[in-house]
Amino acid sequence: MLIDLTLCMGCNACQAACKEENHLSPNEEKNLSLTAYTALNKYSDVYVRRLCQHCDVPTCVSVCPVGALVKQGDGPVAYDADKCIGCRYCLQACPYHVPKYEWSSTKPRIQKCRFCAPRLAKGQLPACAEACPVGATLFGDRDELLLEAARRLGAEPTKYVPRIYGKDDVGGTSMFYLSSVPFEQLGFDSRLGRVPLPMLTMSALSKVPNVLSVGGVVLGGIWWITNRRTEVAAFEAAEKKGETPRPEEKP
Amino acid sequence: MKLRLLPRITGWQAISTTLILAGTLAAIARFTYGLGATTNLTDEFPWGLWIGFDFLGIGLAASGFTIVAAVNIFHAKEYEPIVRPAILTAFIGYLLVVLVLIIDLGRPDHFWHPLVMWNPHSVMCEISWCLMLYTSVLSLEFAPIILEKVKITWPIKWIHAISLPLMIVGVLLSTLHQSSFGSLYLIVPNRLHALWYTPLLPVLFFISCIASGIAMILLESLILSRGGRELLSTHLRANLAKIIAITLAVYFVVRVEDLLARGALHELTTLTYYSVAFYTELLVGFVVPFALLLSDRIRTSRLGLYSATLMVLAGFAFNRMNTAITGLEVYPTQTYFPSLIEIFIMLGITALGFTVFSYVVKYLPIFEAVEEAGPQVQQEAATGRPEPIYLTRDDGGMESS
C-alpha cells in the first residue's frame, strides 16, 4: 500500500473501517493497541498512519521459534495463535513496535494488522484503503505503487521529501510512505538501515554448523592428544620401574 | 528444648522454605491471573527480570561444561574432585532455568512446540533445542551418581561407553547456547544501548560465562571445604583463579576494543544512567577482580578468593541484567522495574536451587567420586594436595551459599 501523508486529513475513516472489519470496539484510538490495528499519530499538522508494515524480510517471522508468524506470498505477515508459545520475541524484535500482547489473558495472543488477508483472497481491497475518502492510502501491486510514488516525487519535487519510506528500509516493506516533512521528525526510526534485521542474526546462526563440526574435531583431537600423553607418561613411569613389559611383548 | 524435637531447622532453612512458599504462591497467582496482572512487563518491555535470571542461571551453570572439558577432554585429572559438584550445579541450574522459562512463556501449555515446529532462522529456536539437548546430556552425566547410590550398575557401563562423545556434544551445545543468549539481542540494534549492543555479543557472552562458571565452582569449593577439609588444594584453587584472571583480561580487551572499533567509547565520557551501569559492571566484575587475582597472596587466601569470585559473579549478574534490562530502557524511553511477584518467583526458584543442592549433596555421592576412581587418578589427584578430600556431612553445609 502507498500512504501519501500529504493527502491524509486525519478523518480516521481507516481506523473505523478496520475496526468494523475486524470486529473491534469502535472507539477512536490514537495509538496501536489490541483493539486498534491501525492508528493516526499527529505531528503538528501531519498525520502518520501506523500499522504493521508487512516487511519483505520480516524480523518477527525470523525470530519466532515455532514459525507462528509467516510471510505470505501476496504480502500479509500472518499469525497463527495455535502455534504461538508466548515467548514475546516478536514484540521485542519488531523494528516498528507493531505486535501488541494480550497481557491480561491467561491464554494470550498477539494482535496486529492482518492486511485484511481474507478480503485480499476474495479480490477486495483492504478495508482501510477502501474507506479512505481522499485516496491517501492506495492498494496495489508493489512495483506499480513504487512507480506511482516515484512519479509523484518527480512531478512535485518541492512538495515531497525525496524519499519513499519503506522502499528498501529494513530490506523493504509492503507499506510505502510519502511525506513533506523529513521522516525522522515523524517518529520513523532513523537508526534502522536498509539491511533486513534478520541478517544480523544470520551472521551468528550461520556459524552454528561450523562450530559443531570444527569444534567436534578439535575437542576430539585434544582428547586424543592429552589421553595419549597420559598413557605415554604412565607407560614410561612403569617402564622405569621395570614392572611392566612392553605391551607388544605380552604373550 | 522444644527446637530439639524438630528436625534441625537452621535460619537458612527457615528463610529458604519461606522463599519457596512465597515463590509458589506467586507462581500460582501468575498462572491464575495471567502475566499482565502479575508482572510489570508491557508491550514496550516484553522481557524483564526472568530473562535476566535465565542468563544468570545458565552462566553460573557454565562450570558444567568447562570443568568436564578440563578434566575429561583435556585430562586435567587433578580437578576430578569438582567434576561432580560442577555437573550437579549445572544440572540444577538448567532445570531451574527451564522452569523459569515455562513460567515466563505466555502459553506454558505450548512449551513443547519448538520440538515439532522448527524455525531455523530463530535464535530462540536454537536455544530451546540446545537447552533440551544439553539438559538431556547433563541428566546422562548425572545419572551414574544416582545409579551408584541405588546400586544399579549395568547402565553405568553403558553410559560410560558413550561418555566421550556425550561430553564433546555437551561442550559444543554449551558453547552454542551460551553464546546464543547474546545472539538474541543481535536483532535489536535500534533498541539496545550502544554500550551493550555489538555484533560481538555472542562472543562476549561466551567468554564471560567461562569466567563466571569457574568462579561459581571455585566459590562452591570454598564453601564446601569448610571444617578443615579441602575439596581442592590451595594450589589448584590458585590455578583456577589464574584461569579466571586470564578470561577476565581477554574479556576486557575484547569489550574495550569493540567499543573503540564501533566508536561507542564517547558514551563513557559523560556520567549517565547507562555509563554508570556500564562502569559498575566492568569495574566490579572484571577490572577489580582481575587486579586482585594477579596477586599470588590473594589467589592462595580463602578470603581473597571469596571476595574475588563474589565480585566476578556480581559483575556477571550486572552484565546480564544490564543487557537484558538497563540497556533496553533507552528505546523507547521506558523504565522497567520488576513486580513483587516477579521478584518472589525468582527468589523462590533460587532458594529451591540451593535447597535441592544441599539435599543432593547430603544423600548422593557427590564428593566421594575420587574414592572410587582408579588408583592412578587418585594418585594424580593427590599430588599437590596434602590431604585427601572427603567432605563430611556438615549440617547446614550450604548455609552460607
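Only the coordinates and a few stated rules stand behind these numbers; no lab work does. All values reported here derive from a predicted model rather than from experimental measurement. Methodologically, a virtual Cβ is constructed for each residue, glycine included, from the backbone with ideal geometry; neighbour enumeration extends over all protein chains shown.
Okay, helix-only estimate at 222 nm for the protein assembly as shown: each DSSP H run of n ≥ 4 adds -39500 (n - 2.57), divide by all residues, round to 500 deg cm²/dmol; what do you get?
Helices in the protein assembly as shown give a 222 nm mean residue ellipticity of -17000 deg cm²/dmol.
Taking only Cα atoms, what is the 0 to 90° angle, nearest 10, from helix B:83-104's long axis to the longest principal axis of chain B?
Tilt of helix B:83-104: around 30 degrees.
When ranked by the protection proxy of mean other Cβ atoms within 10 Å per residue, highest first, what sequence do the peptides A:139-147, A:84-92, A:31-39 form?
My ranking of the peptides, most packed first, is A:84-92, A:31-39, A:139-147.
Show which lysines lie in cross-link reach of A:Lys241 when reach means a straight Cα distance below 22 angstrom and same-chain residues fewer than eight apart are skipped.
Candidates past the 8-residue exclusion: A:Lys250.
Counting only other chains, what is the mean number of Cβ atoms within 10 angstrom of the Cβ of each residue in peptide B:127-138?
Whole-number average of other-chain Cβ neighbours for B:127-138 is 1.
Estimate the FRET efficiency between A:Gln124 and A:Glu144 by the formula 1/(1 + (r/R0)^6), using the beta-carbon distance for r and 22 Å for R0, to the nearest 0.05.
0.80
Computed FRET efficiency, Cβ-Cβ of B:Glu267 and B:Leu25, R0 41 Å: what is it to the nearest 0.05?
Efficiency, rounded to the nearest 0.05: 0.45.
Among residues other than B:Trp47 whose Cβ falls under 10 Å from its Cβ, what is the net charge (Lys/Arg +1, Asp/Glu -1)?
Charge balance in the 10 Å sphere: -1.
Fully extended, how many nm does the chain gain between A:Glu231 and A:Lys107 (0.36 nm per residue separation, minus their Cα-Cα distance)?
Extra length available between A:Glu231 and A:Lys107 comes to 38.7 nm.
Under a GNM of chain B (C-alpha, springs under 10 Å), which listed residue has the highest mean-square fluctuation: B:Ser208, B:Ser301, B:Ser179?
Largest GNM mean-square fluctuation: B:Ser301.
In chain A, which whole DSSP H runs stretch at least 30 Å along their own axis (Cα) and average 0.0 or higher on the Kyte-Doolittle scale?
Taking the DSSP H segments of chain A (at least 30 Å long, mean hydropathy at least 0.0), we get A:208-241.
Please compute, for peptide B:112-119, the average count of beta-carbon atoms on other protein chains lying within 10 Å of each residue's beta-carbon.
5
Round to the nearest 10 and give me the degree value, 0 to 90, for the angle of helix B:201-224's Cα axis relative to the longest principal axis of chain B.
Between the helix axis and the principal axis of chain B, the angle is about 40 degrees.
If you take every DSSP beta bridge fully contained in the protein assembly as shown, what fraction is antiparallel? Give it as a percent rounded to 5.
Beta bridges within the protein assembly as shown, antiparallel portion: roughly 80 percent.
Within straight cross-link reach of B:Lys151, meaning Cα distance under 29 Å, which lysines are found once same-chain residues fewer than 8 apart are removed?
Output for B:Lys151: B:Lys77, B:Lys362.
For segment B:41-336, just say rounded, prolate or oblate: build the C-alpha gyration tensor, square-root its eigenvalues into a ≥ b ≥ c, call rounded for a/c under 1.5, and beyond that prolate if a/b exceeds b/c, oblate if not.
Because a/c hits 1.5 or more and a/b fails to exceed b/c, segment B:41-336 counts as oblate.
Highest mean first, how do B:21-31, B:94-104 rank when packing is the count of other Cβ atoms within 10 Å averaged over residues?
B:94-104, B:21-31
For each pair in A:Lys207/B:Lys242; A:Lys19/A:Lys83; A:Lys83/A:Lys207; A:Lys83/A:Lys167; A:Lys30/A:Lys167; A:Lys19/A:Lys122, compute the distance between the two Cα atoms and list the pairs where it is over 23 Å.
Table pairs above 23 Å Cα-Cα are A:Lys207/B:Lys242; A:Lys19/A:Lys83; A:Lys83/A:Lys207; A:Lys83/A:Lys167; A:Lys30/A:Lys167.
At A:Ala16 and A:Val134, where each label point lies 7 Å from the Cα along Cα→Cβ, what is the point-to-point distance in nanometres?
The answer from the label model is 1.5 nm.
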